[in-house]
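Derivation of every value follows stated rules applied to the coordinates shown; laboratory data play no part. Quick caveat, the model's predicted, so the values are computed rather than measured. So basically every Cβ, Gly included, is an ideal-geometry build from the backbone, and we count neighbours across all protein chains shown.
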Amino acid sequence: MTNNNPPVCDYEGSDYQKSFWDQGGREYEDRTEAIALKRLLPKSGRLMLELGAGAGRNTPRYVGFERIVLLDYSRTQLEQAQQRLGTSDKYIYVAADVYRLPFVDGLFDGATMIRVLHHMSDAPKALGQVKQVLGPGGTFILEFANKLNLKAILRYWLGKQKWSPFTLEPVEFVELNFDFHPQAVFNWLRELGFNTEKVLTVSHFRMGFLKRVVPTSVLVFFDSIFQWTGALFQWTPSVFVKSVVGGTSSGHHSLTSIFKCPKCGSANLLEKKEYLECTNCKSKWELKNGIYDFREPI
């Protein structure tokens with residue numbers, strides 16, 4: 001990470017997948033997110049970029065795509081993803097900063113950013129990077145944490161929280177954890193040139209007492225019905241947005257031409273045994289155990 005970039009929330013060494021998802025009582029959230037993704041994902045695609053892939057929880061859900069690039073700032077998260085998914089040609093593992101994506105422009109025909117934007121102190125900059133690497137006609141599925149949720153509204157009205165859920169600016173409730181107003185996110189996407197096609201609201205029943213007393217399958221069933229209300233209003237803690245870049249799909253890229261140097265922007269990278277070398281600025285980017293590392297040059 002360079003000094004002129006916003007700070008990064010680093011999950012290096014974290015057991016997030018195990019502690020939060022596998023053993024954290026999040027089956028309801030996981031299943032409702034799977035439904036939302038199925039409703040929004042294209043039926044097929046050539047190359048998908050999964051931003052903030054972590055340990056690969058959602059990766060198997062992108063079944064229609066020929067190849068998937070798993071990007072995360074944490075190398076250990078990607079190693080966990082490798083253990084889960086394997087090292088076939090279908091998956092490309094990349095450690096990199098969302099604010100400095102190491103890909104040539106217009107490369108991908110699909111991208112997802114699930115449970116990632118809430119760590120972005122400069123959300124428009126991160127979204128701008130996604131727009132740059134998506135080709136014409138590319139689909140972007142974004143999930144964001146919603147400050148305009150019912151719990152926040154009630155707490156504000158009862159005087160139990162100081163910040164207003166109705167204002168457009170993000171709220172940082174914990175360091176590098178942000179909630180966003182839906183209209184602010186829609187505005188950013190529109191200004192960047194995305195055309196929003198669908199909005200789904202997710203996790204309507206994300207309350208501990210409900211998850212304890214009501215069977216998960218029942219909560220998931222009703223959530224799947226209420227997700228469609230997202231086209232009218234957004235009052236849930238989680239919102240999914242499907243946006244598309246205007247134009248028609250671009251041409252095919254070979255694996256050797258997908259990367260660019262995040263330091264100088266050159267797409268002329270030579271692949272060696274243990275690194276990629278930029279022929280322009282001579283920066284070397286590590287390639288170790290199947291993971292391309294573009295966080296800092298070696």
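Within the stretch 1-109, report the GluC sites (Glu not before Pro) that DSSP leaves as loop and that have at most 14 other Cβ atoms within 10 Å.
Working: sites: 12, 27, 29, 33, 50, 66, 79; in loops: 12.
Here the GluC sites (Glu not before Pro) that fit, given the DSSP loop and packing criteria, are 12.
If you restrict to DSSP beta bridges whose two residues both lie in the stretch 16-256, what percentage is antiparallel, to the nearest 5? Let's see the in-between values first.
Numbers: 18 of 39 bridges.
The antiparallel proportion sits near 45 percent.
Tell me the trypsin sites (Lys or Arg not before Pro) within the stretch 159-207 that lie in a loop according to DSSP and have at most 11 other beta-carbon atoms within 10 Å. All intermediate terms of the calculation are to be shown ahead of the outcome.
Numbers: sites: 160, 162, 190, 198, 206; in loops: 160, 162, 206.
Counting only loop positions with at most 11 other Cβ atoms within 10 Å, the trypsin sites (Lys or Arg not before Pro) in the stretch 159-207 are 160, 162.
Through the Karplus equation 6.51 cos²θ - 1.76 cosθ + 1.60, θ set to phi - 60°, convert the phi angles of the stretch 175-181 into ³J(HN,Hα) values in whole Hz; use x for Gly and Pro.
3, 6, 9, 10, 10, 10, 6
Add +1 for every Lys or Arg and -1 for every Asp or Glu among the other residues with Cβ under 12 Å from the Cβ of residue 63, and state the total.
On the way: positive: 38, 43, 61, 90; negative: 66.
Neighbour charge sum, excluding residue 63 itself: +3.
Using a simple charge model, +1 on the beta-carbon of Lys and Arg, -1 on the beta-carbon of Asp and Glu, nothing else, what dipole does the stretch 16-256 show about its Cα centre, in debye to the nearest 20?
Values: 28 positive and 22 negative charges, 121 e Å.
Computed about the Cα centre, the dipole is about 580 debye.
Quick check on the exposure proxy: order 275, 93 from fewest to most C-beta atoms within 10 angstrom.
Values: 275 18, 93 24.
Neighbour counts put them in this order, fewest first: 275, 93.
Can you compute the helix-only [θ] at 222 nm over the chain? Use -39500 (n - 2.57) per DSSP H run of at least 4 residues, normalise by all residues, nearest 500 deg cm²/dmol.
Rounded to the nearest 500, the figure is -7000 deg cm²/dmol.
Most exposed first by the Cβ proxy, i.e. fewest other Cβ within 10 Å, how do 74, 243, 266, 88 rank? Don't skip to the answer; put the middle values down first.
On the way: 74 22, 243 26, 266 14, 88 7.
Going from least to most buried by this count: 88, 266, 74, 243.
Enumerate cysteines in the chain without a disulfide-compatible partner, where compatibility requires another Cys Cβ under 4.7 angstrom.
That list is 9.
Identify all lysines with a Cα-Cα distance to residue 90 below 19 Å; exclude those on the same chain that are fewer than 8 residues away in sequence.
Here the lysines satisfying the reach criterion relative to residue 90 are 43, 288.
Bins of 5 Å, beginning at zero and ending with the bin holding the largest distance: percent of Cα pairs per bin for the chain, please.
1, 5, 11, 15, 18, 18, 14, 8, 5, 3, 1, 0, 0
Can you give the net charge of the other residues whose Cβ lies under 13 Å from the Cβ of residue 190, counting K and R as +1 and D and E as -1?
On the way: positive: 131; negative: 191, 197.
Charge balance in the 13 Å sphere: -1.
Note the angle between two axes, namely the Cα long axis of helix 182-192 and the longest principal axis of the Cα atoms of the chain, as a number of degrees from 0 to 90, rounded to the nearest 10.
30
Find, among the GluC sites (Glu not before Pro) in the stretch 86-186, those assigned to loop by DSSP (not H, G, I, E, B) with at most 13 other beta-carbon atoms within 10 angstrom.
Details: sites: 143, 172, 175; in loops: 175.
Loop-located and lightly packed - 175.
Beyond a 29 Å Cα-Cα separation, which of these cross-linked pairs lie in this structure: 242/273; 18/273; 160/211; 125/162?
Details: 242/273 39 Å; 18/273 33 Å; 160/211 24 Å; 125/162 27 Å.
Beyond 29 Å: 242/273; 18/273.
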